[in-house]
Each structure stands twice: as C-alpha cells, then as structure tokens.
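The structure under discussion appears below in the form of structure tokens.
The values are calculated or read from the model by the stated rules, or taken from the named source; none is laboratory data. Bear in mind the structure is a predicted one, so any value in this text is a computation, not a measurement. Glycine also receives a Cβ, built like all others from the backbone with ideal geometry; neighbour counts cover every protein chain displayed.
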Amino acid sequence: MKATILLFAYVSILSFGNFGSNLYAQSWQWGDRGGSPQSVSSSNWEEVKDMAVDVNGNIYILANVKSDNIYVGGQSIPGRGDMDICLASFRCNGSLRWVKIMGSAHYSDAAIALKTDKLNGVYLSVNMPRLAHKYPVYIDDDTVINSNDERAFYIIKYDTSGNFKWVRAPQADTVTSSFQSGTIDMDVDSAGNIHALCLLSPGLFGGSFVAVPTFIFYGYWYQDCVLKYDRDGNFQGGMAFDTERISGKMVWDAQSEKYYVTETSGGSPIKMGDTSVAPASGFIACFNKEGRYLWNIQSNAAGFVGRPVLDGQKNIYLGGIIIPPSATNPNANFNGFVAGPDAKSNGSPFIVKIDSNKKNVWAKYGLVNNATFISGVAMRNSGEVTLAGHFGGL
C-alpha cells in the first residue's frame, strides 16, 4: 500500500458569525504523496509526523515509512528495515530537493520532531530502539552507528542543502534494554539552540546530566526532562520538568524563557507541581527555564494534539476542538470561552489566542457539519492564522 506521506491543504478563518466562524478550503497550489507499496495494518504507520520551513521557503517533512521501495517526489529509494524514517526537502513549487532514509532493522523506528533555525540548520529527533538485537543504525548513507550498545534515541542535524552535520545519542553506551528512554518532542530557536523534551529512565545523559526517577510508567521508573544542545551538538545540560508522565507538544519561548506544552490527557491525571490535569482534558501548561511548573489551563470540553504557536508579543495560539455545553456537561468552556449551540457535540475546530498571563485575547470555533479534527496551527508574517486538520466526512 502506498500511503500518503505529504499532503498540503489549507483551512483558514475567513468570516465570522455570531457564534462561530465559517471555514473555507483554500485553492491548491500543489500536493504530493509517497511511501511504500508494502501492506501495513494501519494507515498511521506511514504519515508525516512533522514539517518545517526554512528562511528561503523550502519545505521539510519528517515521516514514518515502510521500507520496501519507498517512493518520494518521483524517486524510488531502498529502505533500511521494517519501519524507516524519511526526511525530505521540497522547493516552494513542490519539486523535490533531496531525501534521506534512516533507521535500523528494528520495527519500532519512529520519527518524532523536525525543526529549522535561521542559520541553515535542519534538526530532527528520532527514536530508534536497538534493544538486545543491537542492529546498526543507518543515517542514510551519511553515517552508520555500529557500536555494541542499546541506545534508543538520537538528535540529528543536517544543513538545508542536505549535508550531514552530526548525530548525538544522549544515553550512555552502557544502557540495557530494561531501561528505555526516548524523545517526546523538540524545539529549536532561531540560533540553533536545541531543547528536547524526553522521557528518561535512571542514568547519565549527555555525559553529565543524571536523571532521577520520579514515577513508574509501564513498570519502569522515569523522569520527564529537557536535554539541551547548541547548534554544533555540544551538550548544554539537562533539567527535570516538574511533571509526571507528560507526553505533549512543546515550544520554547526564548523571549520570556518559558516552555509551553499542550496535550489532551488520557485516562489518568497528569501531575504538575502541586496540582494535576484531570483525565480526558485538553490543556496548556507553562514552565520556567528551570523546568518549574508555573500554571496550566485545562478543560474537559477541549482537546489539543498539535504544538502551540508563539508570536513576537509572547502570545500563544492553540488549535484543537471544542464542544458546546450539554445536559451532561452544562459548564463546558475553555478558559471562560463557551462555544455556541451551533458547535458540534462531537467536536468543532477551535482556535484560541492567549497572552502570557494566560488570559484569552480571542477565541473562535468553526461552523462545520461533522466532527473536524485540528492537528496544527501556522502563522504568517501578516499575522494571519491558519489551521490544518482533517474532516470526518458528511
């Protein structure tokens, strides 16, 4: 099965009603698809996990793909193992610039995050567990990691022309398969400073930071941490996040020196500082530069899966879904914003702008005729905000 790994569609807020906003699909400029003809049990196995754009308008995608006869931008490319990771760059007109395939023979290779800086750097974080098999890890044809260890995650840098710069494995080479760590998300500022949100097992990372376990997850002790590197791959230290079992999307605000994380919690509370986020709640949480918890906004009427977006005035934009009040949830709202009766009970697209003091600047939801899921927010230089997501159909 050839799965779609690259798809551009734009949905913008164009007009406003009394309660919500009418959403209109914009004209296509171009689209592309790719992947492997190999059968998979779930369409989610082959999909774009993250995207980025450089200062020249070139586009970068990071995707999971099956390994047989990978097809990207009109090229057929051999894979490395059962499940591989694809990093590809396209020009603004949609033509392929270059592509890299990386992975090991293990089936759990996973693309996590992709970022660019303003200095021609392209950064990605990936989980490629080797476990007891200790398979070689191939970073395309640029380098291979053959060491006899079981490290599970990597941070990799290319330049915007596709030249390999470096790879870092934060774990010590003495780790065993009983203690697996991994990256959750990553942000990179304009100068190439890297902030990787990680779930770490006990041990030494980056050669100097010691993770001290604070909670048990699937039978093992872990700690939520951020590991930092500079643009040259030099380790800049780590810090514990004042949370337990967070797994959302993170941005680093270099202006205010704060971290913001968004997520929709699962069936258990997520502990933060001296409080927690309730189960099945969409939330944004704020932490200072030392990882200390500052505040959160949470709601069982909203859900978020994509990263928050920041503007130059320290405002935060969240895209997700929202439901209106109902007999079973009469107080449904997000930070005081209440969706009107024309919002869908199974979720309408939702965007909210919050200032750095966690106050709503404005909020809007879309008028749709079925559940719609928002997976990302983008901001243009003009200040226009765009939502990306998918629609369940009529």
Residue count for segment 209-227, restricted to those that are touching a Phe, Trp or Tyr at 6+ places or on another chain (Cβ under 9 Å), of a type outside the set (S, T, N, Q) and either closer than 15 Å to Pro170 by Cα or not in a loop (DSSP other than H, G, I, E, B) (or both)
11
Counting only residues that are of a type outside the set (Asp, Glu) and modelled with pLDDT of 90 or more, give me the strands (runs of 3 or more DSSP E) lying completely in segment 311-394 with at least 1 of them.
316-322, 348-354, 360-367
Here is a list: Asn331, Asn288, Asn357, Asn335. Which entry is surrounded by 15 or more Cβ atoms within 10 Å (Cβ to Cβ) and over 19 Å from the mean Cα position of the chain (by Cα)?
Asn335
In segment 209-228, which residues are surrounded by 21 or more Cβ atoms within 10 Å (Cβ to Cβ) and closer than 26 Å to Asp311 by Cβ?
Val226
Going through segment 153-182 in order, the residues found to be at pLDDT below 95 and within 18 Å of the chain's Cα centre (by Cα) are Phe153, Ser181, Gly182
Within segment 110-139, the count of residues that are over 25 Å from Thr174 (Cα atoms) and of a type in the set (D, E, K, R) comes to 3
If a residue has to be over 30 Å from Phe164 (Cβ atoms), in a loop (DSSP other than H, G, I, E, B) and acidic (Asp, Glu) to count, how many in segment 228-287 make the cut?
3
Is there a residue being charged (D, E, K, R), buried (at least 20 other Cβ atoms within 10 Å of the Cβ) and under 16 Å from the mean Cα position of the chain (by Cα) anywhere in segment 229-243?
no
Single match in Ile112, Ile85 (criterion: modelled with pLDDT under 95 and either within 19 Å of Ala378 (Cα to Cα) or within 23 Å of the chain's Cα centre (by Cα) (or both))
Ile85
